[in-house]
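**Student:** For reference, the structure I am asking about is given below.
The values are calculated or read from the model by the stated rules, or taken from the named source; none is laboratory data. Since the model is a prediction, treat every value here as computed from it, not as a measurement. All Cβ positions, even for glycine, are placed from backbone atoms using ideal geometry, and neighbour counts span all protein chains on display. Accessible surface is based on the protein model in full, side chains and every heavy atom, while ligands, DNA and RNA are left aside. Shrake-Rupley method; radii C 1.70, N 1.55, O 1.52, S 1.80 Å.
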Amino acid sequence: METNIISFINQGVGWLKLNRPQALNALSAEMVESLYATLDIWRADPKVSLICISGEGTKGLCAGGDMRFFYDHRNTNVVECAQRFFTTEYRMDLMIHQYPKPILVYMDGIVMGGGVGLSAGASERIVTEKTKWAMPEMDIGFFPDVGASYFLNQMPGHVGRYLALTGETIQAPDVIYGGAANRYMKSTLWEEFINEIQKKNWSLHNTRKQICELLDSFCSHQGEESPLSVLQAKIDKHFAYETVEEIVTSLGMAADLGDDWACKTKSIIQSKSPTSLKVTLSQLQKGKNQSLTSCLNMELALSMNFMQNHDFYEGVRSVLVDKDRNPHWRPNSLAEVSKEDVESYFHHNINVSNTLL
C-alpha cells in the first residue's frame, strides 16, 4: 500500500521521503504524525546516525500544510482537526531544532510554509538552483507559523518582516543570505550524492565530521549576489516601523519619489488581509526575544484562533479552492483592525491545550 511518508534505515542513515507529489507534498495530519513518531524513535536508535529528508516527485520538498483540508471541514470538526495537526507539526519542528543527530534536508524546488518548518532546524539545509522558498501565509489570510516568530527574527535586519508581510518567494542566494539554508548543491548532483551516502557505513561517533566532508565535496558557493542583500537598506528603512500603517506610508512616500520596488511592495502588502498583516507584525514583535518553544506556543494559540477567522477561509477559497485570487477580506482596511482585535488572537480563546510541551 502506498504511503505518504516513505521511511527506512540503510547503512546507519534514516531516510524520510515526503511522498505526496500530486499535492506538492503538502503535509496532512497523518504525515506529520508519521514524521514525528519516526523521528522520535530514531532519536534513540543506535542503528541511525544520520537523518536525510527529501520530497518525492520533481516539484519540490513541500508546499506547506494541507490548508484545503481545514476549509473542507470548516463546518464540522475543524477545531479538533486543527488541534491535532498544529500541535503535532509544531512539536515535530521543535524536535528537529533540538535533534541530537545530524539532519540533512534537501530543499530542491518548492519549500514553503510547513516545508520551511521541516527544514529550518536541520543541521544541513541544501538549496539548489530550483529552490523556491516562501512563507506565503499572507495569501490565505493566515500568519507565518512553524516557528517563524523565531527564525524570521534571526534574519538580517528586517528581512524577516519583509518576507512575512509580503509572502515574497525567494531563491537560493536569498535563502542562504537569510540563514534559512547553509549549503548550495546543483540538483544534477543529488543522485550521485545519495549514492555516496549509501556507500558509507555511518557510525554515531563521527557522523557530523563525515557528512560535512562529503557535503564540502559536492556543494559549492552560489555565484549570484543575493537580491535581498542589495535591498537590505531599503527593507530596513521601511520595515523598521512598528505599525503596518507606518510601513505602508513609508513605502508610499518612496513610491511617490519614483521607487518602483517600494511601489510594488506597497501594492503587495495592501492586497493582503488587514487582520493577517497586523497580527503577523505583532507576532514578530512579540517573538523577537522569545525562545523557540515560547514562539511555537504563541503560534499554537494564533493557529487555533485563526480557525474562527473569516479571512482564513476566504483566503483558502481564493487561492486553493476557486483559485480566482480575488479575496474579500473582512474587515478590508487596516484602520478597522483595532489593537484589541489583534491582541485577542494571542490568547487561548478556544478550549484546547495551552502549550505544546
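**Student:** Just to be sure I understand, how many residues within segment 276-295 are open to solvent by 10 Å² or more (accessible area, probe 1.4 Å), in a helix (DSSP H, G or I) and not charged (D, E, K, R)? Full working, then the answer.
**Tutor:** Going through segment 276-295, the residues open to solvent by 10 Å² or more (accessible area, probe 1.4 Å) turn out to be 278, 282, 285-286, 288-294.
Retained after the next criterion (residues that are in a helix (DSSP H, G or I)): 278, 282, 285-286, 292-294.
Going one step further and asking which of them are not charged (D, E, K, R), we end up with 282, 285, 292-294.
Selection size over segment 276-295: 5.
**Student:** Return the residue satisfying two criteria in turn: it lies in segment 28-53 and is surrounded by 15 or more Cβ atoms within 10 Å (Cβ to Cβ) and among the small types (G, A, S), and of such residues it is nearest to G64 (Cα to Cα).
**Tutor:** Among them, the one singled out is S28.
Yes/no matrix, rows are residues, columns are (1) over 19 Å from N153 (Cα atoms); (2) within 23 Å of the chain's Cα centre (by Cα):
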| position | (1), (2) |
| --- | --- |
| E213 | yes, no |
| S217 | yes, no |
| H221 | yes, no |
| L231 | no, yes |
| H238 | no, no |
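**Student:** I need the full set of residues from segment 197-240 which are out of contact with any Asp or Glu (no Cβ under 9 Å at 6 or more places or on another chain), open to solvent by 80 Å² or more (accessible area, probe 1.4 Å) and closer than 30 Å to V48 by Cα, in order please.
**Tutor:** K199, N201, L204, H205, R208, K209, E213, D216, H221
**Student:** Still on this structure: Name every residue in segment 241-275 that is in a loop (DSSP other than H, G, I, E, B) and surrounded by 22 or more Cβ atoms within 10 Å (Cβ to Cβ), in order of residue number.
**Tutor:** K272, S273
Residues are listed down the side, and each one gets a yes or a no for (1) more than 23 Å from M185 (Cβ to Cβ); (2) among the acidic types (D, E):
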{"position": "E124", "(1), (2)": "no, yes"}
{"position": "A134", "(1), (2)": "no, no"}
{"position": "D139", "(1), (2)": "yes, yes"}
{"position": "S149", "(1), (2)": "yes, no"}
{"position": "G157", "(1), (2)": "yes, no"}
{"position": "Y162", "(1), (2)": "yes, no"}
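**Student:** Sort through R84, R74, R68 and tell me the only one that's open to solvent by 20 Å² or more (accessible area, probe 1.4 Å), closer than 29 Å to N309 by Cα and not in a helix (DSSP H, G or I). Steps first, answer last, please.
**Tutor:** Values: R84 fails: not in a helix (DSSP H, G or I); R68 fails: not in a helix (DSSP H, G or I).
Exactly one residue qualifies, and that residue is R74.
**Student:** How many of the residues making up segment 137-186 are not small (G, A, S) and not in a helix (DSSP H, G or I)?
**Tutor:** Pass one, segment 137-186, residues not small (G, A, S): 137-140, 142-146, 150-156, 158-159, 161-163, 165-166, 168-171, 173-177, 182-186.
From what's left, not in a helix (DSSP H, G or I): 142-146, 155-156, 158, 168-171, 182-186.
Count: 17.
**Student:** Got at least one residue in segment 107-116 being open to solvent by 40 Å² or more (accessible area, probe 1.4 Å) and either more than 19 Å from E299 (Cα to Cα) or part of a loop (DSSP other than H, G, I, E, B) (or both)?
**Tutor:** Within segment 107-116, the subset open to solvent by 40 Å² or more (accessible area, probe 1.4 Å) is none.
Looking through segment 107-116, none of the residues is open to solvent by 40 Å² or more (accessible area, probe 1.4 Å) and either more than 19 Å from E299 (Cα to Cα) or part of a loop (DSSP other than H, G, I, E, B) (or both).
**Student:** On to the next question. Among the numbered criteria (1) modelled with pLDDT under 95; (2) within 25 Å of I197 (Cβ to Cβ), which single criterion is violated by C62?
**Tutor:** (1)
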